[in-house]
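To keep things clear, I will list the structure first and then write my remarks on it.
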Amino acid sequence: MAHKILGISAFYHDSAACLIEDGVIVAAAQEERFSRRKHDQRFPADALKFCLEYGKTEPDALDAVVFYDKPLLKFERLLETAYLFAPKGFPAFKAAMPSWIKEKVFLKKLLAEELGKLSPSKNIPPLLFTPHHLSHAASAFYPSPFEEAAVLTVDGVGEWATASIAHGKGAALTPLRELSFPHSVGLLYSAFTYYLGFRVNSGEYKVMGLAPYGDAADPRASEYVRLIKTELADIKEDGSICLNQKYFDYACGLRMTNNALWEKLFGFPAREPEAELKPEHCHMALAIQTVTDEIMLKLAATAQKLTDSRNLCLAGGVALNCVSNSKILRSGLFDNVWAQPAAGDAGGALGAALAAHHIYFAQPRPAPRRDAMRGALLGPEYSDSEIIATANRHAAPFTHIPDENKLFDFTADRLAEGKVAGWFQGRMEWGPRALGNRSILGDARNPDMQKRLNLKIKRREGFRPFAPSVRLEDMGEYFDFDRPSPYMLFVADITRRRRNALPPDYSRLGLKEKLYCLRSDIPAVTHLDFSARLQTVDRSDNLRYWKLLSAFKEKTGFGLLVNTSFNVRGEPIVRTPEDAYRCFMSTDMDILVMGNFVFEKARQPAWRPQDGADERRPWTDRTKSPQP
């Protein structure tokens, strides 16, 4: 009889569900893709239902349902923090109480009620709860390609832990050390995210993307680093940190930072969202990225010392920082580094299920040969009839190209002409990155592609970089990197032969001028420091996407494309053909390829804003381009 476990994460951000069977991942998805509410934190009812339906499983056939943290321990932390910071901590405590009383304290009852809605027999399987950081660690180690590894988890906060080190070997996962709230690398980075005018828990990657626009040679950048390390964070040699709480409000208030003290310390006020980005903002982003790199390297060194392992697994929200991941990889501390593609809270659903399978049920772990994430293509997929139904609903003309090779040739031709394509294929990706199934694609050689994608299609800040997708076997033609990077979790340097010389006055140029300086022959994916957030495409992981890259190479000589997620700013990645068509029609994309069906923008009927309305969440009017 098959051994089935459902994992759930919810009630903080990025709620998700995951189904495993005999330790193999069957299905996984985030609730935001169903509800169309970005970073949706509510109970993942639709994601849960999808996982069960895809796995042809009834709730009463499950061996266990596992939640990704221990709510009562988290509640204990909330109470103790409110007491410790009283009376200052009362506003945060008061704001948190309604959701705790309504959902979190009585979570076992809520889980039973939600599962009961889907169970004809009303027989509810055992409900288990794993510690938050164990869920993260399990999500990283068990699917990794390693028999044995050090496991480093770094995030904002779980119950009490904010960073932890464990040692994985076979089916065993042994906790070794942890850092406790309120001292947190993730919350430190989020505080800078907040002060720089971006949204916490979703804008951290914007800070990472902004950092290269700072100038390490500018005295302000080095001064900001000094202030962080002397005033905000006491960084120990083992990577543990102690944050000066007088500068932070996250423990006892409703904001991340004490803005008055930060303004006095750094000499400029908090940036308002959408305000112009100035040099000091770029230098500050560079400073916190530099400090985070240092902390992560120290934590990794401690993990290596404690475990004596040559392999490292990474999870937790900070493991989505591909710059820090790459610093660890290049340090030589480990021979191999592997990061969970859904490293944030969504991945906790997977880790909870795997922890229950291998630890609670004591099931053995097969000897790993490669990572078990199946290319992270674990979400819903849609049939030809569902695509046609969407077309009919909107009276949308399309061309059906049943011959796959002709489809790839057609799409490659359009991309080579400078067209932008929505690419909707197969199963939806798991995690925050589009990896070739829910992607917007463009020609990396095109000098206008980054600007067009950011301002006319994604409708986001002009400084934001784009990732290249490259055939694994062609990686060395473009990047100085020596191993696969299938999940966009590492950065690679552009090879020297592809770089262009910078103008003599480059250091004195403003942000906009630097942004549009052509730094290589693949300018759309070359960041200011000549790096790129790399996705390698192996034909064994995603044959269809690999074939498209091959067709593009055959026509142009270049085996890579710009790959960005199929969404606009503020919206989740598209899930259904309906989502894809709406996004396509409300942006300046030129073609949409869903399965073997091609929709060309010039042939579509006129689009009205109300045509894109979602009954659960209306699409936002984003006609004004943001500041670059």
Residues satisfying the stated conditions in region 165-200, i.e. under 30 Å from P368 (Cβ atoms) and not in a strand (DSSP E or B): G170, A171, V185, G186
Any helices (runs of 4 or more DSSP H) falling wholly within region 270-371 and containing at least 1 residues that are within 24 Å of the chain's Cα centre (by Cα), aliphatic (A, V, I, L, M) and closer than 15 Å to A163 by Cβ: 279-307, 322-331
Looking only at region 251-261, and only at residues there that are among the aliphatic types (A, V, I, L, M) and not in a helix (DSSP H, G or I), the one that is nearest to T193 (Cα to Cα): M256
Residue list for region 256-272, filter: out of contact with any strand residue (DSSP E or B) (no Cβ under 9 Å at 6 or more places or on another chain) and closer than 20 Å to G156 by Cβ: N259, W262
Lone unmet requirement of (1) in a loop (DSSP other than H, G, I, E, B); (2) more than 30 Å from A492 (Cβ to Cβ); (3) more than 26 Å from the chain's Cα centre (by Cα) for A217: (2)
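Residue-by-condition table, conditions (1) closer than 21 Å to T130 by Cα; (2) not β-branched (V, I, T):
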{"position": "F146", "(1), (2)": "no, yes"}
{"position": "A149", "(1), (2)": "yes, yes"}
{"position": "I165", "(1), (2)": "yes, no"}
{"position": "G170", "(1), (2)": "yes, yes"}
{"position": "F192", "(1), (2)": "no, yes"}
{"position": "G203", "(1), (2)": "no, yes"}
{"position": "G214", "(1), (2)": "no, yes"}
Selection count, region 381-390, where residues are surrounded by fewer than 19 Cβ atoms within 10 Å (Cβ to Cβ) and either part of a helix (DSSP H, G or I) or not acidic (D, E) (or both): 6
Qualifying position, being touching a Leu at 6+ places or on another chain (Cβ under 9 Å), surrounded by fewer than 24 Cβ atoms within 10 Å (Cβ to Cβ) and in a helix (DSSP H, G or I), among K264, K206: K206
Whichever residue in region 1-42 is among the basic types (K, R) and either under 15 Å from the mean Cα position of the chain (by Cα) or closer than 16 Å to A356 by Cα (or both) and, among such residues, is modelled with the lowest pLDDT: K38
Meets criteria (closer than 26 Å to P143 by Cβ and in contact (Cβ under 8 Å) with a residue 24 or more places away in the chain) for L306: yes
Qualifying residues in region 451-484 (those that are surrounded by 20 or more Cβ atoms within 10 Å (Cβ to Cβ), of a type outside the set (D, E, K, R) and at pLDDT below 90) - the one nearest to the chain's Cα centre (by Cα): P465
First in region 236-248 and within 19 Å of M296 (Cα to Cα), second anywhere and part of a loop (DSSP other than H, G, I, E, B), Cβ under 9 Å, 6 or more apart: S240/H183; I241/H183; I241/S184; C242/H183; C242/K236; L243/P182; L243/H183; L243/S184
Residue match in region 498-506 (condition: within 25 Å of the chain's Cα centre (by Cα) and not in a loop (DSSP other than H, G, I, E, B)): no
Every residue from region 402-432 that is touching a strand residue (DSSP E or B) at 6+ places or on another chain (Cβ under 7 Å), over 16 Å from L592 (Cβ atoms) and of a type in the set (D, E, K, R): R427, E429
Every residue from region 534-545 that is surrounded by 20 or more Cβ atoms within 10 Å (Cβ to Cβ) and modelled with pLDDT of 95 or more: L534, Q535, T536, V537, N542, Y545
Conditions (1) touching a residue at least 40 places away in the same chain (Cβ under 8 Å); (2) outside any helix (DSSP H, G or I); (3) of a type in the set (F, W, Y); number of the one not met by Y224: (2)
Cβ pairs under 6 Å, 6+ apart, first in region 382-404 and among the polar types (S, T, N, Q), second surrounded by 13 or more Cβ atoms within 10 Å (Cβ to Cβ) and in a strand (DSSP E or B): T399/V598
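The values are calculated or read from the model by the stated rules, or taken from the named source; none is laboratory data. What you see is a predicted model; the values in this text were computed from it and never measured. Cβ coordinates were reconstructed from backbone atoms using ideal geometry, including for glycine residues, and neighbour counts include every protein chain displayed.
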